[in-house]
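Undergrad: Could you have a look at this structure, given as structure tokens, before my questions?
The values are calculated or read from the model by the stated rules, or taken from the named source; none is laboratory data. Quick caveat: nothing in here was measured; it's all calculated off a predicted structure. With ligands, DNA and RNA removed, areas are computed over all heavy atoms of the protein, side chains included. Shrake-Rupley method; radii C 1.70, N 1.55, O 1.52, S 1.80 Å.
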Amino acid sequence: MRQLELRRHARRDPQADRLSASGRAQAEDVGRAANATYDVVFVSPAHRAAETAAWFLRGAGQQLPDHEVVPGLGGQDATGGSPEGMAAGIRALLERIPEGGRGLAISHTPLVERAALGLTGDAVEPFRECEGILVSFDHDAVAVGELRLGGGPADA
């Protein structure tokens, strides 16, 4: 089995492509609570995505494993981040995770929601920062579960 956590980036600074102080703390807290070890990390081209991954790993107490910037996680693919395009991109990332391993991918809203729709055919409620999906791949079968945090309604 291979697993991939596809999460939205943490809270951003409204003035720049970086995390706010509360976003850095949020990503670190979520990483601490995740209780997982990651074999590979994928991020969108946005600085806030890479920064989220760094603080997430810090919270998890883990050094940066193999990693890559993936334009498709920012909607920069031939489909413009369509549900089908996002699903195909996630399947391709799953193939790059070692058997028995787990990956972390940091993307954006509505791209995480589009990936869930493309993989399952079901729409999901918008994700808040650091929320997302856990995609499990086992013998050509894909299962998707939501990764929700406690709190109020999703932020735009």
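Undergrad: So, in the stretch 1-30, of the ones that are among the polar types (S, T, N, Q) and part of a helix (DSSP H, G or I), which residue ends up most open to solvent (accessible area, probe 1.4 Å)?
TA: Step one: list which residues in the stretch 1-30 are among the polar types (S, T, N, Q), which gives 3, 15, 20, 22, 26.
Narrowing further to those that are part of a helix (DSSP H, G or I): 22, 26.
Working: SER22: 58, GLN26: 23 Å².
Among those residues, the one meeting the criterion is SER22.
Undergrad: Just for the stretch 3-32: of the residues that are aliphatic (A, V, I, L, M) and within 12 Å of ALA49 (Cα to Cα), which one is farthest from the chain's Cα centre (by Cα)?
TA: It comes out as LEU19.
Undergrad: Now a separate question. Tell me which residues, restricted to the stretch 31-40, are in a loop (DSSP other than H, G, I, E, B) and open to solvent by 70 Å² or more (accessible area, probe 1.4 Å). Reasoning before the result, please.
TA: From the stretch 31-40, those in a loop (DSSP other than H, G, I, E, B) are 35-39; that's our starting set.
Residues satisfying the conditions are ASN35, THR37.
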